[in-house]
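Asker: The structure that follows is given in the form of structure tokens.
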Amino acid sequence: MADDPPQPPDIIFSPDVSKYVIEGTAVNLNCSAEAPCPKQPPTLSWTNIPKSANIITQLQDQLNKTHSVFSSMTFNVSYMDHKMNISCTATYPRNISNNTTVNSTVMLQVMFPPKETHIIIEPSASVTVGTNVTFTCQSKARPSNNMMYTWYKRGQKTPQSHEKKMSFTVTHNNTGWYFCTALNKHGNQSSEEIQLLISGPYGYTLVYAGCVGGTLAVLLFSVILCMRSSKTINESSVSWRDVSYQRILADDETLIIYNEEIDVSKLQKS
């Protein structure tokens, strides 16, 4: 058996994945290595094998009466394969030393539409009125340059923004459900909806509006009233004006949330 250093195996790509290939395309990688000693041919092995890959390896006779080991790997390329280094390694058995290995590597370049599109909100999705929030539409795609983004709010026909980031100051009018859509030349994908909420010390916001001493007084704060079931509320002491409220029972307590207007000028002293 000759002891000349073996040559690296040849890898042939179809199509040429070293340039780019569109997601979903069937890719065929062929690897071959010379077998100077047919009775002890090299073994071929692959690294970073895609899940859908099918591999066939065999010893072949060449036209010049030499021999080589041939391995073919076929798979449908995925966006998760982008920038993956796939190697073919030939291992030659040696009589006088350890086995000798040589390899060739290719990096996959995959083109694909937006994937894993989602929203990031800073500082959080539950904030107080007057807080500045920033929505960011995050997505994986290739090409990623010249990506287009569109923001939508549930119940609104007109898009809210066409930028990757959307910032505004929180009011009672701009809370609700939002989602974004990312677009490149290969397709688009929308994120799941995410809800922007107004929170206070207790998680609920209450607005009082009325006239006191001829001056309009508007108080904005959060109130939570917990009353034991053995106690009652004297609602006759309060004059309501189109007030909507809800009671939420929890064990032996009653949680009352008033979320509309109260005529403060008609409040009586308890």
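The values are calculated or read from the model by the stated rules, or taken from the named source; none is laboratory data. Fair warning: this is a prediction, and the values are worked out from it, not measured in the lab. Positions of Cβ are generated from backbone atoms using ideal geometry, with glycine treated the same way; all protein chains shown enter the neighbour counts.
Asker: What residue, among those in segment 25-35 that are touching a Ser or Thr at 6+ places or on another chain (Cβ under 8 Å) and not hydrophobic (A, V, I, L, M, F, W, C), is nearest to Lys115 (Cα to Cα)?
Answerer: Filtering first and then ranking leaves Asn28.
Asker: Then there is this: Test Ile119 against the stated conditions and say whether it is at pLDDT 95 or above and either among the aliphatic types (A, V, I, L, M) or outside the structural domain of Glu23 (by TED's automatic domain parsing) (or both).
Answerer: yes
Asker: Still on this model: Take Ala26 and tell me if it is of a type in the set (Gly, Ala, Ser), at pLDDT 80 or above and closer than 18 Å to Gln109 by Cβ.
Answerer: yes
Asker: So, one more: Can you name the residue in segment 9-24 that is outside any strand (DSSP E or B) and loosely packed, with under 14 Cβ neighbours inside 10 Å and is also farthest from the chain's Cα centre (by Cα) among such residues?
Answerer: Among those residues, the one meeting the criterion is Asp16.
Asker: Can you tell me how many residues in segment 162-196 are in contact with a Ser or Thr (Cβ under 7 Å, 6 or more places away or on another chain), closer than 20 Å to Asn146 by Cα and in a loop (DSSP other than H, G, I, E, B)?
Answerer: Residues meeting the conditions: 3.
Asker: Now for a separate question. Quick check: is even one residue across segment 47-57 over 30 Å from Lys140 (Cβ atoms) and within 39 Å of the chain's Cα centre (by Cα)?
Answerer: Yes, the conditions are met somewhere in segment 47-57.
Asker: Scan segment 127-168 for residues that are over 24 Å from His82 (Cβ atoms) and touching a residue at least 40 places away in the same chain (Cβ under 8 Å) and jot them down.
Answerer: Val127, Thr128, Val129, Gly130, Val133, Phe135
Asker: Also: Quick one: count up the residues across segment 31-42 that are surrounded by fewer than 16 Cβ atoms within 10 Å (Cβ to Cβ) and in contact (Cβ under 8 Å) with a residue 24 or more places away in the chain.
Answerer: Qualifying residue count for the region: 3.
Asker: Those residues that are farther than 22 Å from Pro143 by Cα and at pLDDT 80 or above, I need them from segment 1-23; list them, please.
Answerer: Selection gives Pro9, Asp10, Ile11, Ile12.
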